[in-house]
Amino acid sequence: MTKITVNDLIQIIGSEVKQLIENARKTPKTTQNNYGKYLSILTTLKSEGIPLEIGKALLIRLGANEQGVNSASQILSQ
């Protein structure tokens, strides 16, 4: 089994995830630091077999709000 890295994911799905992040920024803020939107993105990534820590690093590297991503990942890790 090949271990996937954040750099691999940036090459494979980076543009799609970056678009999701941009869309999250454009919507009305319904949760602090957009953690609700990031929760949705992380849940989708996790359902596709991407480990939470890798998904979290991916979002942050692509410009997502770090506090929002951390809050979302705390919810998913409970």
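Only the coordinates and a few stated rules stand behind these numbers; no lab work does. Remember, predicted model here, so these are calculated numbers, not experimental data. Glycine gets a Cβ as well: all are built from the backbone with ideal geometry, and neighbour counts include every protein chain shown.
The table below gives the values:
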| quantity | calculated |
| --- | --- |
| Highest-fluctuation residue, L20, L58, L42 considered, GNM on the chain with Cα pairs under 10 Å | L20 |
| The chain, Rg to Rh (Cα coordinates; Rh as Kirkwood inverse mean 1/r) | 0.95 |
| GluC sites (Glu not before Pro) lying in DSSP loop within the chain, provided at most 16 other Cβ fall within 10 Å | E48 |
| Within the chain, trypsin sites (Lys or Arg not before Pro) in DSSP loop having at most 13 other beta-carbon neighbours inside 10 Å | K3, K29 |
| Lysine pair number, Cα distance threshold 19 Å (strictly under), the chain, separation 8 or more or different chains | 12 |
| The chain - mean residue ellipticity at 222 nm from DSSP helices (-39,500 (n - 2.57) per run, n ≥ 4, rounded to 500) | -22500 deg cm²/dmol |
